[in-house]
1. Give me the distance in nm between label points sitting 7 Å out from Cα along the Cα-to-Cβ direction at Asp269 and Leu309, one decimal.
2. Quickly estimate the mean residue ellipticity at 222 nm for the chain, helices only: each DSSP H run with n ≥ 4 gives -39500 (n - 2.57), and the total goes over all residues, rounded to 500.
3. Using the 2.2 N^0.38 Å rule of thumb for compact globular proteins, work out how the chain stacks up: its C-alpha Rg over that value, please.
4. What helices in the chain pass both tests, a Cα length along the helix axis of 15 Å or more and a mean Kyte hydropathy of -1.0 or higher, using whole DSSP H runs?
5. Determine, for Tyr722, Tyr25, the number of other Cβ atoms within 10 Å of each Cβ, and report the residues in order from fewest to most.
6. Of Val386, Asn67, Leu370, which is farthest on the positive side of the dipole of the chain, counting Cα position, with +1 on Lys and Arg Cβ, -1 on Asp and Glu Cβ, and the Cα centre as origin?
7. What does the net charge come to around Leu539 if you take all other residues with beta carbon closer than 14 Å to its beta carbon, with K and R at +1 and D and E at -1?
8. Under 8 Å for C-alpha pairs, at least 6 residues apart: give me the relative contact order for the chain, rounded to a whole percent.
Amino acid sequence: MAPLTQLKHLLLPIFALHASAFVDYGRVYPSSYAIGAAPTIDADTAYSKKQITLSPASPVLTIDYANEVAGFPFFDVASLSGPTQIEVKYSEEYDALLVPQSDGPWTFSNGLSNTFRRETFNLTSTGLTESYFVQGGQRWQTVRLLTSQPITFTSIGLRATSAHLAADKVPGQLRTSNPIYNGIWDLGARVVQAACIDAGNAPATWDITDQGALIRGQATAQSVKGQGFANYTMTFFTKIVRGGTGWKVAAGSTPYGATFVLTSNYPSDNTFLNTNRTLLPPSTLVFNWPWNIFNQTTVITGTNQYYPLSSPVPEGQWHKISTTISSAGYNGGRFGSGSATKGTFGFGPSEDQIAYFTNVTVAAANGTALYQNDLKSTATLAEYSVDSLGTSICLDGAKRDRLVWVGDFYHTSKVIPASSARFDYILGTIKYALDWQRTSPPYQGLVPISGYMGSRPEYKDLLTSVYGGLNDYQDLFLTSIGEYYRYTADLDGLRPYWTQIKNLVTARLAFIDPVSGLVAGTGASYFLGPVNGSAPTALFSATLRILVPIAKALNDDAAAALYTTTADDLNAALNAKLWNPQLGVYSLSLASPSNFSLTAIAWTILSGAANSSQAASMVAKMPELKLGIGYKTSSADVSSPDYELSPNTQGMLLDALFKAHRDLGVTSLTVAKGLLDDMWSKMVTQDVYYSGASWEYLNPVGKPGIQLFTSLAHPWGAAPTYVLPEYALGISPTSAGYKTFNFQPLLQGLDLTEVNGTVVTPYGNIHAEALQEPWFCLREAMRNAKDDSTTAVMFKCMAGDARTSISATEVKEDVTVYRQSWQIVVTAEKSLVPVELTITITA
Ligand SMILES: *[C@@H]1O[C@H](CO)[C@@H](O)[C@H](O)[C@H]1NC(C)=O
Ligand SMILES: *[C@@H]1O[C@H](CO)[C@@H](O)[C@H](O)[C@H]1NC(C)=O
Ligand SMILES: *[C@@H]1O[C@H](CO)[C@@H](O)[C@H](O)[C@H]1NC(C)=O
Ligand SMILES: *[C@@H]1O[C@H](CO)[C@@H](O)[C@H](O)[C@H]1NC(C)=O
Ligand SMILES: *[C@@H]1O[C@H](CO)[C@@H](O)[C@H](O)[C@H]1NC(C)=O
Ligand SMILES: *[C@@H]1O[C@H](CO)[C@@H](O)[C@H](O)[C@H]1NC(C)=O
Ligand SMILES: *[C@@H]1O[C@H](CO)[C@@H](O)[C@H](O)[C@H]1NC(C)=O
Ligand SMILES: *[C@@H]1O[C@H](CO)[C@@H](O)[C@H](O)[C@H]1NC(C)=O
Ligand SMILES: *[C@@H]1O[C@H](CO)[C@@H](O)[C@H](O)[C@H]1NC(C)=O
Ligand SMILES: *[C@@H]1O[C@H](CO)[C@@H](O)[C@H](O)[C@H]1NC(C)=O
């Protein structure tokens, strides 16, 4: 795509958005596969769209998509002899295919996708059958034949809901002489494709019909209207279409509360052969609290309690179900249990079940009617946060949580410019969060830290639970906005939001403690470290500083001055109150002077609070945080084999370590290189866990950190994708949008002999190459906005005036020359003009 017009083209759809138009990314087919008696990791037969037959002798098809992909699973049947049941599993890592629920279910949120990673189909005719649900992200899939006659497929795959370009086909590029580093860079290029969703590509997961809501098995979705209700009776009518029905009372906006599943009498002609009658016996009420009837790694739920009904529960008939919360617990008809009494209600059958729901009423203990809804209006979808996605956004992860975590967006907003260049997702996420910004107390000025795709901003006064806590997520979100401007200079894109951005800053300024001068706040909590601590204070300093260029570009001198002086004050407070000269590191917090954290080391460097000797001394402290293949976040954390090493926080550190090396003269790159060689390499080198995308957590030996629940497509783990272009290739903007930039490649310290790549800018793509020997080359290409023609101006460092003063021999002999700063000033107009390259060597 045209480099100069790229930004404009990609930004246009944001402003001309039509609600819910599906963006077609084509079909994804397997990369390779195997047919046999059981799943196999050696699914090595290259897929060539030839027919695939499953039979009782070879009932299992293993599909390897090679990399993380997302979409609606489809099955194109060539031939079958009668109704054929298949059980399909999806997973990011191979091992999950060997357990009953694969790597699911997703019991923490309803993310407008299939909650379950196992689903069963009754295929009855030739041609195409597609799953109702999106699968958010997987590398692997199995198809197991359950019935006794063979079936032949013409093709199997996914109708893609996300882009799935190969890493070497996205606009930003990076290649080095180290294949592992290339594999690490690729993780980010893929993860932002899988974890960012176009408006229209996440449809509603409930169907509104004239009989009420038709809901297929999924995590319960809760009404926003019942959040304040307590001690109520919730009554509804339900008709089981298959298997059973399910609901919740006394719940949060997340599916946390009293959970009920009522199974049918399992008529044989409508019951899948793989129905687990131990887990879900027929005509039985199953109760659990708080999450679901399934345990999922870190999302622990209670023990299932079973209450067989005295008469069968037929399908296809309306049942009236009344659940009363009393001081003794929940009374589901004859059954009672539990203790919590407050919270909203929700609906969602269990795996492979389908049911209708209508005529919901809620009555207070004194009989007052609190709520009624026949679930026949489409407004119901947003009320229960299951409406189709209305704005293009980036999620925390492809398969889960599928929430718009605005703190995770920090890394995403930097990975996108370095790779996919899908700036529309960045502006979309900014728009999404600011559409939800609160304009009155509580939380006035704040944005949701974990917004739901299926809700709508009209509910911001009812969904206040999504604004509280993790207050630094607000700052990370603001920093993302600053980064977006730094990469793109897109003032027109940000101007409409400037007042809202300032309102968020104002809300956060109130968290600076007047006594300590550090970031704190009554009842506040921070992801990166404790209140009155180094990490949150340094982050907010960096946040304010990165917004200054936007303020200046908008001629908002007052904001520019306020943000600058406040950032200076925060840095001064950090140095006065938290620098610990005995330890040689900033203290974790006022309350914990002898502990320290890598998040504080990262942000005191990134914010400019730390000077060169402080930075060097902090980097020297890092070995004390070493745990297995990586580093624990804080010295206060207990080391254990289950420790969740975070590539999110270590990504911030990686960025800071390279900055300290480049700007603060910290010579050692041991820690930075170790992060790549020992930790990030683990996401590349282990086929059994490899997803082609970056991970959420790792354990100390380098496996996925929270077992099967681990998101293996989490953009927060992809910092190297933007760090390597900025520091190894060495192209960094010195003014917004790379109008001017530095070229300072780093090869020797990383044991590289070559780095090359493409950096996307609104003025044209920068192609840069750095070779350890015998020369550097730099190319700059421009596009004409009017006719899309290309002017490529090639500048080889071996030729031309600027090179004449340094001969190849000199460069060869004196490698420090490679580390000198090559200042290339590109003056480019938006029409076809010769590109001017001014190259100065700033020794
Ligand atoms: C970029 O670097 C890689 C790794 O050294 C090399 O294989 C490739 O040829 C280089 N590409 C260009 C365009 O120079
Ligand atoms: C599968 O579909 C066929 C055709 O509609 C039907 O006769 C059969 O009962 C179905 N089986 C199940 C388990 O739903
Ligand atoms: C069936 O459910 C039981 C109880 O939850 C569980 O132990 C078992 O693994 C399940 N089996 C399958 C095949 O899902
Ligand atoms: C989940 O695990 C806990 C123990 O950690 C156990 O007590 C509980 O019964 C399990 N729940 C289910 C539904 O398997
Ligand atoms: C609900 O009932 C419980 C138990 O009787 C009581 O403690 C609680 O205060 C009640 N909640 C409300 C909001 O009335
Ligand atoms: C729901 O309520 C409406 C209005 O009272 C009634 O006509 C309808 O029959 C009810 N539906 C069920 C399934 O009871
Ligand atoms: C009945 O309960 C509701 C909800 O708790 C409350 O708002 C209402 O004032 C109560 N009405 C009476 C008459 O006590
Ligand atoms: C932060 O430190 C100041 C000064 O010690 C103290 O007054 C304030 O209560 C602290 N804030 C919090 C939230 O602990
Ligand atoms: C660090 O914090 C931990 C946990 O709060 C505490 O137990 C420990 O004593 C602290 N260590 C130092 C050196 O202050
Ligand atoms: C950095 O700051 C520390 C603490 O204020 C000070 O002791 C040191 O001299 C400074 N180093 C440099 C190089 O300015």
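Computed from the coordinates by the stated procedures, all read-outs in this text should not be read as laboratory data. Quick caveat: nothing in here was measured; it's all calculated off a predicted structure. Heads up, the Cβs are rebuilt from the backbone with ideal geometry, glycines too, and the neighbour counts pull from every protein chain shown.
1. Result: 2.1 nm between the two label points.
2. When only DSSP H runs of four or more count, the value is -6500 deg cm²/dmol.
3. 0.98
4. In the chain, the long hydrophobic H runs are 3-15, 179-194, 423-435, 472-488, 498-509, 534-553, 557-573, 647-663.
5. The order, fewest Cβ neighbours first, is Tyr25, Tyr722.
6. About the Cα centre, the residue reaching furthest to the positive side is Leu370.
7. Within the 14 Å Cβ shell, the charges total -2.
8. Result for the chain is 13 percent.
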